[in-house]
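Here is the structure we will look at.
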Amino acid sequence: MARLHRRLRAPQPGWTTSADVVVVGSGIAGLTAALELRTRVPRVLLVTKGALSSGSTVWAQGGIAAALDPTDSPAAHLADTLAAGGGLCDPRAVEILVTEGPARVRELVARGAVFDTDSGGGIALGREGGHHADRIAHAGGDATGAEISRALVAQLEAVRTDPGIEVIENALVLDVLTGAVGPDGRAPACGVTLHVRGAGSRDGVGAALAPAVVLATGGIGQVFRSSTNPPAATGDGIAAALRAGASVGDLEFVQFHPTVLWLGSGAKGQLPLISEAVRGEGAVLLDELGTRFMPAVHPMAELAPRDVVAHAIVRQMAATGSDHVLLDARGLAAARGREFLARRFPTITARLLDAGIDWTEEPVPVAPAQHYHSGGVVTDVDGRSDVPGLYAVGEVACTGVHGANRLASNSLLEGLVFATRAARDIAARLADGQLSQHEPVERPGEPGLVPAAARSRIQAIATAGPGVIRDERGLLGARTHLAAVLDAADEGGVVAEPQLAEWETTNVHQVASALTEAALRRTESRGGHFRSDFPAVDPAWERRVVVRLGDGGDLVVS
C-alpha cells in the first residue's frame, strides 16, 4: 500500500494573519463563497494561486445547466443527472442542485453576468450530451466561464476597499493547519500555510488562521500528460485535504473529454477542447476512414454521456489504427451559413484558425484528454468535510451530484449552489459558536517534497495507469513506479528545494497515488472508470470508494 507525507516541507511561516474564514480559490465556487460570506461574517480572506481572474472557471466553454425554461423541470434535470451518474449519485445532493440551481443562476444574472439571449429577450438555452431538454445557458457563444468569471471578479473588485475582505493573489496554499485531536477523535482545521509570490508585505511563507477553511481549488488536470485544465490545476486542494486527515472519494471517476483538439502524439499540457455544444448543434464524429460510428454505439449517438463517447472513440481509434478521430461540423456551415460557426463558437473558431484549421471546410482532428474530476474531498450538502471546520466546494469537492460521471454543464451549477450553501452554513455556525479558533498543532512524521524534475514522469505514469482505459497490470505498475518516485525523493537522490514547482509536483504525486489506489480497488467499469479486465458494471460496486491518509502516512482505502 502506498505511503505519503502528511505535510509539505517548507520554511516556517514568517508572518501571520487571521480571519473568520479563509477561502482558497477564485473560480466560480471560491468567488461565490467569498461574496456570500462578506455580508455575513466580519472578516473573509480570499487566497488565489494566480491573479483574481485566473480560476479554472474562465476556461469553461459549454455553459451552465438549469431548468430555466417553463417546459423544463428540476425533476427532468434530476433524472438526466442520475442517469449520467451511473447509479452513484447522491439523490439528495442532486435534488438540491436542480431545485436551487435556477435561483442561483438568476442571482448570477443579478450580479452582472450577461448570457446570450433568444429572439424574445430571454436566456437562450442549448442542449448538450445526456440532457433531454434545452437547459444550457451560455455566454459569448462559447465563452460562458469567462463571462461568469468577469462578472464575479467585478463584484469582488467593487468591494476591495471593504475592510471585511482581503484578497491575496499569487499565493499557493501549502497545508491546511489542524489543531489538537478532539473528543470525537478528529483534529479541527484552524487555518492554512501559504506561499506568496511577488512584492508586498505578504511575501514568502505565512500562516492565515481561521475557524473555517473553504477549499475551492479546482481539479487535477496536470496529474495527466494532457488535459484541458490550466497549468495551475495541480490537485492542491485534494492533496492538502488528504494531508489534513480528510476523506476523499470517487477519485477513480476521471472524465476524459471526448473531443479535445489533437495536435500530434507529442502534445502535452493544456490542450484546447472542442465544446460538447458543437455536437449539440449537430456536428458528428467520423473515424479516419470517414465512417460515422456513434449511432451504432448509443441511442443518443454523439450526444451520449461523455464516458460513452470517449470510450467509443478510443475503441474506434484502436480498430482503425489511428491516434485520433474527426469532428465534422461542415454540415452546420452548409445548413446555416459559413458565418454560423464563427458566431456561435468564436473562441473555438479562433483557436482552430491558429492551428491552421478552417472547420467550415475540413473536419477537426480530436481525441479524448482529461477534462474534469468527479471525485474529491467528501462533503455533505453544506460543503462540510469530515475534518471539523474544513469545507470544500466546486470541482475539488465530492458532493455526490456527479456520481460516476458528470452530466455536461452541471459543474458550474454545482459551484454556485454548494458554495452558497457552504457560506450560509459557515456564517450560521460561527454565529452560534459551533466554529471557533483552535491553535495549530504540528502533525507527526517528517515533511516531504518531490522534485519538480519528476513531474513529467509522474504524468506519464498516471496517463498509462489510471488513464482512459485501465487494467490491474497497469495500475499495479503505476503504484510501483509512483512509490519509486517518492523513495528516490526521500533518499535525496535529486535536489528538491521548497519552492512552487516542488510543492505542486508533490501534490500531483499524492493525487496520482490516491487515484491509482481507488482505481485498483474498484473491480468493475462504471462512468469515468473503465477497467478492460472488468468491463461490466457490477451491482455490488454501487458504493463509494473512500481514501484517507492514516496517522503513519499510509493510504487507507475503504
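The values are calculated or read from the model by the stated rules, or taken from the named source; none is laboratory data. Please read all numbers here as calculations on a predicted model, not as lab measurements. Neighbour counts run over all protein chains shown; Cβ positions are idealised from the backbone, glycine included.
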Given (1) over 21 Å from Leu174 (Cβ atoms); (2) outside the structural domain of Gly191 (by TED's automatic domain parsing), number of the condition Arg421 does not satisfy: (2)
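Let's see how each residue does on (1) farther than 25 Å from Glu502 by Cβ; (2) in contact (Cβ under 8 Å) with a residue 60 or more places away in the chain:
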position	(1), (2)
Val214	yes, yes
Ala232	no, yes
Ile238	no, yes
Arg243	no, yes
Leu273	yes, yes
Ala296	yes, no
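Matching residues to (1) over 23 Å from Cys398 (Cα atoms); (2) at pLDDT 95 or above:
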residue	(1), (2)
Glu95	no, yes
Val98	no, yes
Gly101	no, yes
Phe115	yes, no
Gly122	yes, no
Asp134	yes, no
Ala137	yes, no
Gly145	no, no
Ile148	no, no
Can we say Ala246 is more than 19 Å from Asp358 (Cβ to Cβ) and assigned by TED's automatic domain parsing to the domain that holds Arg406? yes
Unmet requirement for Pro42, which otherwise passes all of (1) surrounded by fewer than 24 Cβ atoms within 10 Å (Cβ to Cβ); (2) at pLDDT below 95; (3) in contact with an Asp or Glu (Cβ under 8 Å, 6 or more places away or on another chain): (2)
Go through segment 362-415 and give me each residue that's over 26 Å from Leu68 (Cα atoms) and of a type in the set (Val, Ile, Thr). Val364, Val366, Val377, Val378, Thr379, Val387, Val396
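Take the conditions under 30 Å from His529 (Cα atoms), in contact with a strand residue (DSSP E or B) (Cβ under 9 Å, 6 or more places away or on another chain) and buried (at least 22 other Cβ atoms within 10 Å of the Cβ) and apply them to Val176. Does it pass?
Criteria met by Val176.
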I want to confirm something. Restricting to segment 513-551 and keeping residues that are small (Gly, Ala, Ser) and in contact with a Gly (Cβ under 8 Å, 6 or more places away or on another chain), which single residue is nearest to Arg470 (Cα to Cα)? Ala519
Could you list, in sequence order, the residues of segment 20-40 that are touching a Leu at 6+ places or on another chain (Cβ under 9 Å) and of a type in the set (S, T, N, Q)? Ser26, Thr32
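Would segment 186-200 turn up any residue that is aliphatic (A, V, I, L, M), over 13 Å from Val47 (Cβ atoms) and either under 19 Å from the mean Cα position of the chain (by Cα) or crowded, with 24+ Cβ neighbours inside 10 Å (or both)?
Of the residues in segment 186-200, the ones aliphatic (A, V, I, L, M) are 187, 189, 192, 194, 196, 199.
Subset that is over 13 Å from Val47 (Cβ atoms): 187, 189, 199.
After this cut, where a residue has to be either under 19 Å from the mean Cα position of the chain (by Cα) or crowded, with 24+ Cβ neighbours inside 10 Å (or both) as well, the list is 189.
Yes: segment 186-200 contains one or more residues that are aliphatic (A, V, I, L, M), over 13 Å from Val47 (Cβ atoms) and either under 19 Å from the mean Cα position of the chain (by Cα) or crowded, with 24+ Cβ neighbours inside 10 Å (or both).
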Are any of the residues in segment 526-543 out of contact with any Lys or Arg (no Cβ under 7 Å at 6 or more places or on another chain) and over 26 Å from Asp307 (Cβ atoms)? no
Within the set of pairs 6+ apart or on separate chains, which have a first residue in segment 1-14 that is under 19 Å from Arg479 (Cβ atoms), a second that is in a loop (DSSP other than H, G, I, E, B), and C-beta atoms under 7 Å apart? Arg3/Gly553; Leu4/Gly553; His5/Gly445; His5/Glu446; His5/Pro447; His5/Gly553
Output the residues belonging to segment 382-411 that are in contact with a Gly (Cβ under 7 Å, 6 or more places away or on another chain), under 21 Å from Ser149 (Cβ atoms), outside any strand (DSSP E or B) and at pLDDT 95 or above. Val393, Gly394, Glu395, Val396
Between a residue in segment 37-48 that is within 15 Å of Thr161 (Cβ to Cβ) and any residue that is in a loop (DSSP other than H, G, I, E, B) and acidic (Asp, Glu), which pairs come within a Cβ distance under 7 Å, given they are 6 or more apart or on different chains? Arg38/Asp162; Arg43/Asp20; Val44/Asp20
Can you find, within segment 420-436, the residue that is nearest to the chain's Cα centre (by Cα) among those that are surrounded by fewer than 17 Cβ atoms within 10 Å (Cβ to Cβ) and in contact (Cβ under 8 Å) with a residue 40 or more places away in the chain? Arg424
Going residue by residue through segment 45-53, is there one that turns out to be closer than 28 Å to Arg544 by Cβ, within 22 Å of the chain's Cα centre (by Cα) and either of a type in the set (Phe, Trp, Tyr) or at pLDDT 95 or above (or both)? no
Go through segment 240-274 and report how many residues are of a type in the set (Gly, Ala, Ser), modelled with pLDDT under 95 and either out of contact with any Ser or Thr (no Cβ under 8 Å at 6 or more places or on another chain) or buried (at least 24 other Cβ atoms within 10 Å of the Cβ) (or both). 3
Please specify each residue of segment 313-348 satisfying the condition of being surrounded by 15 or more Cβ atoms within 10 Å (Cβ to Cβ) and touching a strand residue (DSSP E or B) at 6+ places or on another chain (Cβ under 8 Å). Ile313, Val314, Gln316, Met317, His324, Val325, Leu326, Leu327, Asp328, Ala329
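Here's the yes/no breakdown for (1) free of Cβ contacts under 8 Å to residues at least 12 places away in the same chain; (2) among the basic types (Lys, Arg):
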site: Ile96; (1), (2): no, no
site: Leu108; (1), (2): no, no
site: Arg111; (1), (2): no, yes
site: Phe115; (1), (2): no, no
site: Ser119; (1), (2): yes, no
site: Arg127; (1), (2): no, yes
site: Ala143; (1), (2): no, no
How about segment 487-506: which of its residues are surrounded by fewer than 21 Cβ atoms within 10 Å (Cβ to Cβ) and assigned to a helix (DSSP H, G or I)? Asp487, Ala488, Asp490, Leu500, Ala501
Selected residue (only one of Val308, Val223, Val260 is within 24 Å of Leu515 (Cα to Cα) and in contact with a Gly (Cβ under 8 Å, 6 or more places away or on another chain)): Val223
